[in-house]
Amino acid sequence: MAPLSSDERKASAEYRQLIAGDPCVYCGGVSGTVDHVTPVRRGGTDRADNLAPACQSCNSVKGTRSLLAALLYMQNKPGGVNLTPPLARRSEAPHASAGSARSAARAGHDAR
Ligand SMILES: [Zn+2]
């Protein structure tokens, strides 16, 4: 790993403190470790833009896998990571139930 400049080291340390209480980026649980998004073994750095809060379990599972490989692996585990983006999930569920409630109401109205 290339050595960081003193500014990068400072930013990295500040960022680590900033994300310390954030949820795990993979499962949403309580973090406790800092994950290197691109693993150090794969050329990832200690710079802030390569760090993310992660729980011990997800961090170990991810190991030296690339981000994509790790997400695909986690998705296929029981109770694993849901790769559907949260905004897409939020817009799917309410529309589906509102739509079926509307058609149910319409069906009831037409029957009268
Ligand atoms: Zn996790």
Amide H to amide H under 5 Å from Asp35: which residues, 5+ apart in sequence or cross-chain, H placed 1.01 Å off N in plane? Ala52, Ala54
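I'd like the Kirkwood hydrodynamic radius of the stretch 6-81, using the inverse of the mean 1/r over distinct C-alpha pairs, in Å.
Values: mean 1/r = 0.0794 Å⁻¹.
Over the stretch 6-81, the inverse of the mean reciprocal pair distance is 12.6 Å.
Read the figures in this text as sums done on the coordinates, not as results from a lab. Just so it is clear, the structure is predicted and the values come from calculations on it, not from any experiment.
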